[in-house]
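Report on the structure given below.
The values are calculated or read from the model by the stated rules, or taken from the named source; none is laboratory data. Not measured: the values here are computed from a predicted model. Note that each Cβ is placed from the backbone with ideal geometry, even for glycine, and that neighbours are counted across all protein chains shown. Accessible surface is based on the protein model in full, side chains and every heavy atom, while ligands, DNA and RNA are left aside. Shrake-Rupley method; radii C 1.70, N 1.55, O 1.52, S 1.80 Å.
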Amino acid sequence: MPGVRKALLFLMFLACGMVVAQADERVVVGSKRFTESYILGEIVAQTARTTGVRAEHRPGLGNTAVVLEALKAGSIDIYPEYLGTIEQEILKLPAGSAPETIARELARLGLAHGVPLGFSNSYALATAEALAVQRGMRRISDLRAQPDLRIALSQEFLGRADGWPGLAARYGLPQRPSAIDHGLSYAALATARIDVTDIYTTDARIAELKLHTLQDDAHYFPRYDAVLLYRADLPQRAPLAWQRIAGLQGRIDTARMIAMNAEAELQGRSFAQIAAGFLSGDAGTVATPSAHSSFWQRLTADDLGRLTRQHLLLVAVSLALATLIGVPLGALAAAWRPISGPVMAVVGLMQTIPSLALLAALIPLLGRIGTVPAIVALTLYALLPIVRNTATGLEQVPRALKDAGLALGMTRAQCFRLVDLPLAAPVLLAGLKTAAVLTVGTATIAAFIGAGGYGERIAQGLALNDGAMLLAGAVPSAALALLTQGAFALLERWAARR
């Protein structure tokens, strides 16, 4: 019996140890802003949760540059990537580099890759089948003789090391392509607004729209085997979750990935539903088109309350910070003319920086993604109207009234508070109103670094080419902007009466 008791005690301690380990483990999964990445990110997150550990999915984190910075900063632990992208876009290595070289270069960044999922999703160029027959286009090299073709490519492909610049040089292509969002390119092809675009070979709409994939006859594109890119310490930090995640190796073939993409893009199923179906062993077949949810269903979905709270938080906090910084800065510019020009130049410069670029730059600087860098960026964007209107309003206060206040025995601080600010209030409030309305709209970009808000719906709508989903994000944002403008109009009227 003593031996049995010892065995039972050992098992109890072992079970307790596993529970503690599960409680301590946390995995944050990221994904890029296109359908397949959303689905794979959700599969990885749900797989980790089957062990009982805490697993969070941060979906739609912009392009490769944004999600990579989030990984290096430790804001996420793992995300689905492609071997060719790791090799050429991330590490800037030549095509066909040895696996040991790739592993060594990733290790220098504190990263590793592995768990090949079982399919390859390459870049390719595509055109409508009818146009391909009409113009005799079967290969990429056939484009060389047709400089009048309207080529529109995704923004990322236009700038990638393995994208358009190298492709055009390899084939000697004379066209100058324009930029288009990947989610919108299929609709543009279908309506003949463009002739050629870049595609992913596992996209569900290739067959649906009867597109012709141009043969890469110069063998330009590398292999894009789907793998997981992760922080090198993840297997040791979350061993239970990692063991289950590693079990995904080889489980997704090309046909299954196309079928899951079709479930999202043609049937309108959520990414969470698709991932759950895969993990439950649902065989999955290539989806046939079915009606998407209506705009009203999208608008009133269960996540509306959560997205509204997130959006309001982003706007309120960033506007409050911009006011605390911008009003004193504008007052200083009005009081001390030599610094007025430089101050206006700096806050004006902030407006010229593309929002997504600023967000991407803040990730390594702040060491995180989500709400904090989003609030910092929104605060910087809101400064210009607040600083400018504060300075303008204070400069318009008649000098005679200031002198009268001082002659009555007021201190300069009392004069500023009781004379200058009240008289400048209408112009100052107009600046705050402009900043608030602009911030409501700009806050939609915060979804691209995992900060949530109405932009989450807009990003998914772009990825799925789902107009109802796009409107379900844009309409609440526009409504909130109108409410904000109305609230400030009432505040201005009250201030005028005062």
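Please verify whether region 236-248 includes one or more residues that are part of a helix (DSSP H, G or I) and open to solvent by less than 30 Å² (accessible area, probe 1.4 Å). Reasoning before the result, please.
Residues of region 236-248 that are part of a helix (DSSP H, G or I), as a first pass: 236-237, 239-246.
Now drop any that are not open to solvent by less than 30 Å² (accessible area, probe 1.4 Å), which leaves 241, 245.
Yes - at least one qualifying residue is present in region 236-248.
Of the residues that sit in region 456-498 and are among the acidic types (Asp, Glu) and in a helix (DSSP H, G or I), which one is modelled with the highest pLDDT?
Step one: list which residues in region 456-498 are among the acidic types (Asp, Glu), which gives 456, 466, 492.
Restricting the remaining residues to those that are in a helix (DSSP H, G or I) gives 456, 492.
Details: Glu456: 88, Glu492: 77.
So the residue we want is Glu456.
Take Ala168 and decide whether it is among the hydrophobic types (A, V, I, L, M, F, W, C) and either at pLDDT 90 or above or on the phi > 0 side of the Ramachandran plot (or both).
yes
Can you tell me which of Tyr186, Tyr82 is open to solvent by less than 30 Å² (accessible area, probe 1.4 Å), at pLDDT below 90 and within 28 Å of Arg457 (Cα to Cα)? Even if it seems obvious, please write down each step before you answer.
Details: Tyr82 fails: at pLDDT below 90.
Answer to the check: Tyr186.
Cβ contacts < 7 Å: first residue acidic (Asp, Glu), restricted to region 150-176; second residue open to solvent by 10 Å² or more (accessible area, probe 1.4 Å), any location; separation 6+ or different chain. Result?
Within 7 Å, the pairs are Glu156/Asn63; Asp162/Gln88; Asp162/Glu89; Asp162/Phe221; Asp162/Pro222.
Can you work out which of the residues in region 362-406 that are within 18 Å of Trp336 (Cβ to Cβ) and hydroxyl-bearing (Ser, Thr, Tyr) is surrounded by the fewest Cβ atoms within 10 Å (Cβ to Cβ)?
Of everything passing the filter in region 362-406, Thr392 is surrounded by the fewest Cβ atoms within 10 Å (Cβ to Cβ).
Can you tell me which residue in region 54-79 is nearest to Ala357 (Cα to Cα), limited to those that are part of a strand (DSSP E or B) and open to solvent by 10 Å² or more (accessible area, probe 1.4 Å)? Don't jump to the end; show me each part of the working.
From region 54-79, those part of a strand (DSSP E or B) are 54-58, 78-79; that's our starting set.
Subsequent filtering for residues that are open to solvent by 10 Å² or more (accessible area, probe 1.4 Å) retains 54-58.
Details: Arg54: 31, Ala55: 28, Glu56: 25, His57: 22, Arg58: 19 Å.
The extreme case among them is Arg58.
Of the residues Ile274, Ile258, only one is open to solvent by less than 30 Å² (accessible area, probe 1.4 Å), assigned to a helix (DSSP H, G or I) and either of a type in the set (Val, Ile, Thr) or free of Cβ contacts under 8 Å to residues at least 40 places away in the same chain (or both); which?
Numbers: Ile258 fails: open to solvent by less than 30 Å² (accessible area, probe 1.4 Å).
Checking each option against the conditions leaves just Ile274.
Would you tally the residues in region 212-235 being in a loop (DSSP other than H, G, I, E, B), touching a Phe, Trp or Tyr at 6+ places or on another chain (Cβ under 9 Å) and farther than 19 Å from Thr197 by Cα?
Residues in region 212-235 being in a loop (DSSP other than H, G, I, E, B), touching a Phe, Trp or Tyr at 6+ places or on another chain (Cβ under 9 Å) and farther than 19 Å from Thr197 by Cα: 1 in total.
Kindly indicate whether Leu211 is hydrophobic (A, V, I, L, M, F, W, C), in contact with an Asp or Glu (Cβ under 7 Å, 6 or more places away or on another chain), closer than 30 Å to Glu263 by Cβ and open to solvent by 10 Å² or more (accessible area, probe 1.4 Å). Walk me through it before giving the result.
Numbers: hydrophobic (A, V, I, L, M, F, W, C): yes; in contact with an Asp or Glu (Cβ under 7 Å, 6 or more places away or on another chain): yes; closer than 30 Å to Glu263 by Cβ: yes; open to solvent by 10 Å² or more (accessible area, probe 1.4 Å): yes.
Considered against the rule, which asks whether it is hydrophobic (A, V, I, L, M, F, W, C), in contact with an Asp or Glu (Cβ under 7 Å, 6 or more places away or on another chain), closer than 30 Å to Glu263 by Cβ and open to solvent by 10 Å² or more (accessible area, probe 1.4 Å), Leu211 comes out as yes.
Every residue in region 23-53 that is open to solvent by less than 10 Å² (accessible area, probe 1.4 Å), farther than 18 Å from Arg231 by Cβ and touching a Phe, Trp or Tyr at 6+ places or on another chain (Cβ under 7 Å), please.
Matches in region 23-53: Glu36, Tyr38, Ile39, Ile43.
Looking only at region 440-456, decide whether some residue is open to solvent by less than 20 Å² (accessible area, probe 1.4 Å), within 28 Å of Leu394 (Cα to Cα) and more than 15 Å from the chain's Cα centre (by Cα).
Yes, region 440-456 contains at least one residue that is open to solvent by less than 20 Å² (accessible area, probe 1.4 Å), within 28 Å of Leu394 (Cα to Cα) and more than 15 Å from the chain's Cα centre (by Cα).
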